[in-house]
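Here's the structure we're looking at; comments come further down.
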Amino acid sequence: MSRRLCLLLWLLMYVHPAHATLPPVRVTKATGPTYHNTFTALYESLAAGSPATAQAQAVKVNGDWRLDRPLDITCNGGFDSGFTAGTGYTTLGGTLTVGSGTLTANRLIVSTPGTAPLGALSGSGSVARSLLTYADLTGGVTPALVDGSAFALPANAAMPAHVFEGHLSIPEAGQSPVFIVHTDDYSYASTAQRKVLPAFSFDFVQNGSYLIPATQGLSITGNSYWNYIVGPGRVWRETGDQGLSRASFPFALVERNANCTHNGMMTFLFDNSSVSKVSYEITQETCKYFKLDMAGQLSASYTPASVAGAAAIKADHAAEIANRLPTRPIAALVDDFPGSGVQLANIGKMDQAEHMTAYGLLVNGINYVSDCGTRYGLYPFCDNMRLPSYSTAKSAFASMAMMRLGQKYGKDLVYNSRIVDFIYPPEYQSRPGNWNYQDVTTFRNTLDMATGRFYYSEFETDENYYMTNFFLAENYDSTIYYAFQFTQYLPPGQRWVYHSSDTFLVTRAMNNFLVYYANDTGKDIFNMVRDEVFKPLHLSAGAMTTLRTDNSSTGKPFGGFGLFWSQDDIAKLGLFLNNFGGAYDDTQILNPEMLADSMQKTSNHGYLTSATDATLYYNNAFWAAPWGAPYTCTFWTPFMSGYGGISVVMMPNGSTYYEVNDNAETKWSYALAESNKLRPMCP
């Protein structure tokens, strides 16, 4: 079966909670219809010799389809989610090969992913440019903040005249000539070095009109304050650039040892051997306590060279693009759901909208997305903008790690393993909390933040006032030391008290559990999630790293924060958890019983998080809220929540709503009501 199959293009029909979700292709046999996630899976289910008629939903189904048996097959595409009417088209996102038998196809489009070159441009190159012109980039210009469109691929761009492959280096210079502070709760800007762009040193390859960094995800710079994330950009030609080609790509400055992410862009001109000056600009962030604008122009050097693994880098990037969910602008909901009365203003609703980074609503397998605004126009690389997870990582990393371990080694073994069996005595001896080898605190107690250890049990008091040392600690020894700081007042399993340090403890314990049961000292708990969950889901290359201790790519993963998403990544995770039951390609990846607990599918709703407010629960590092009136039934919405205003809400109508803001606004109940107009929450 093809390795390129993409779980997340199984676009499912809407169903109520009591019904099963339907994969996108089916075939009717004597015993009734069978449903499959790929054409290959459907084909392999067919008995020899009998003709068959397959049906497919009007979605993109990735994966190759090779017919190599003497079967006569008719494939009718373009059906709606219930397979009742076929008026659209189905796209096969892979290679179709008919080696034996016959195929009669109706409303089926074949689109092979990974075909190079990508991003063919048909423009003439005649572009009316007034910002970041040839003269600006080659002769120098007084740096100023400009509209983001100056970094964007213009409508009439032509294919580039040159191929960029090699090393781009920008040495660290002085303070950025433009550095404007909007919010600075901790007086960061008083440190001059924070105003300096770190040295930049990355390899790139080019595929068609795409410029692809060889290294994506978090890159440790060694700088005292900043690390980098660099994403794929574009290359093109404009007639005003005097025969040179133009490049632009997204990057982010990430606060060292923290999740704060400041998104920016770089652009330059190039030929086969040299580059112009590089202009850069940052005018957007997801960072509640430090908001800034930063811009400048720096000299750079280009060393053309063959980049190791270039073919794989291109192929992986092409596959990432091919495997993205179908995307529509959020405004398209009005046209796609006529008569629903959907109010767009209630989706992404904020009192101070300027602090919204991005939001989206996944419905019927389509990712309806917002633009990505900045203080100077729209961000031109919205599909590659890095969105920090903050504490949504507690759900999407730590909790999914436990559910993956549960599938590999058994739910009860993982839930009931003791912390003190997998975090070793030197790390907890002589610490508060009465930790000793007789302690019975389990992995599940700790993931649930119900260890019985705290200073104050009021809602998030410990997290807000007594965790500074833990968050500021960088090396592992200090981090684990402060994670064991709280006093034991109750036996484990009785009271929820929020501590990010608890998630660090259970993440570390799960790492050692994996090492022990896999009998492999090289195992790493994040790498397990990356390789066995994220990669099969085709999350973006920029999502394949996490923050770790010691400001090092080989440190210990924090678990409770430190991931970096794209809009597509978040929507795929919503599908995986809310629609697909933690499975892909007919393979169960997460333990289904543990996932049922997390998604409020059992009678165990977890811990009430406040003695005075019965509206928030916490179970397996997922939050949940119960709902009743004005809805016509009672239901639960499990959700992920992150510092500053990050929410990923999974609804019983099969939709997922997500928003990333840094103004501590959580008004997603309005989006819930609008989603109910599109697909009712109640049967």
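Rounded to the nearest 20 debye, the dipole size of region 565-642 about its Cα centre is 220 debye, using +1 on the Cβ of Lys and Arg and -1 on the Cβ of Asp and Glu. Relative contact order of region 562-683: what whole-number percent is it, with Cα pairs under 8 angstrom and at least 6 residues apart? Contact order relative to length: 17 percent.
Protection proxy ranking for 158-167, 424-433, 644-653, using the average of other Cβ atoms within 10 Å per residue and placing the highest first: 644-653, 158-167, 424-433. In terms of the mean number of neighbouring beta-carbon atoms within 10 Å, the peptides 254-263, 216-225 order highest first as 254-263, 216-225.
Other residues with beta-carbon under 13 Å from the beta-carbon of residue 396 carry, at +1 per Lys or Arg and -1 per Asp or Glu, a net charge of +3.
Using the Cα gyration tensor of region 384-517, with a ≥ b ≥ c the square roots of its eigenvalues, what is the shape: rounded (a/c below 1.5), prolate (a/b larger than b/c) or oblate (neither)? Cα axes put region 384-517 in the rounded bin. 3J(HN,Hα) along region 629-642: 4, x, 6, 8, 8, 9, 7, 10, 10, x, 8, 9, 9, x Hz, from the Karplus curve 6.51 cos²θ - 1.76 cosθ + 1.60 with θ = phi - 60°, whole Hz, x for Gly and Pro. Pairs exceeding a 31 Å alpha-carbon distance, out of 60/411; 411/667; 408/572; 556/667: 60/411; 411/667; 556/667.
Between region 278-331 and region 333-395, the C-alpha centres lie 19 angstrom from each other.
Of the DSSP H helices in the chain, those with a Cα length along their own long axis of 20 Å or more and a mean Kyte-Doolittle hydropathy reaching -0.5 comprise 500-518. A 1.4 Å probe over all protein chains sorts 31, 191 by accessible area into 31, 191, starting with the largest. When the chymotrypsin sites (Phe, Trp or Tyr not before Pro) in region 589-671 are filtered for DSSP coil states and for at most 16 other beta-carbon atoms within 10 Å of their beta-carbon, the remaining sites are 631. Taking the helices alone, the chain has a mean residue ellipticity at 222 nm of -4500 deg cm²/dmol, built from -39,500 (n - 2.57) per DSSP H run of at least 4 residues and averaged over all its residues. As a rough guide to protection, the peptides 196-206, 405-415, 555-565 ranked by mean Cβ packing within 10 Å, highest first, stand as 555-565, 196-206, 405-415.
Other residues lying with their Cβ under 12 Å from the Cβ of residue 154 contribute a combined charge of +2, Lys and Arg counting +1, Asp and Glu -1. For region 124-230, the gyration tensor built on C-alpha atoms gives an oblate shape. Its axis ratio a/c (a ≥ b ≥ c) is at least 1.5, and a/b is not larger than b/c. Shape verdict for the chain, please, from the Cα gyration tensor: rounded (a/c under 1.5), prolate (a/b greater than b/c) or oblate. It is oblate, given that a/c is not under 1.5 and a/b is not larger than b/c. Partners of residue 314 within straight-line reach, counting aspartates and glutamates whose Cα lies under 15 Å from its Cα and excluding those fewer than 8 residues away in the same chain: 165, 203. Each Cα pair under 8 Å and six or more residues apart adds its separation to the average, and for region 462-603 the resulting relative contact order is 19 percent. Per the Cα gyration tensor, region 538-643 maps to an equivalent ellipsoid with semi-axes of 28, 19, 13 Å, ordered largest to smallest. Take every pair of alpha-carbon atoms less than 8 Å apart whose residues are at least six positions apart; their mean separation over the length of region 606-663 yields a relative contact order of 19 percent. Backbone amide hydrogens, once placed in the peptide plane, bring residue 366 within less than 5 Å of nothing, excluding anything fewer than 5 places away on its chain.
Other residues lying with their Cβ under 9 Å from the Cβ of residue 643 contribute a combined charge of 0, Lys and Arg counting +1, Asp and Glu -1.
The values are calculated or read from the model by the stated rules, or taken from the named source; none is laboratory data. Bear in mind that the values here come from a model prediction, so they are computed numbers and not experimental data. Every residue, glycine as well, gets a Cβ built from its backbone with ideal geometry; the counts of neighbours run over all protein chains shown. Just the protein is used for accessible areas: all its heavy atoms, side chains included, with ligands, DNA and RNA removed. Shrake-Rupley method; radii C 1.70, N 1.55, O 1.52, S 1.80 Å.
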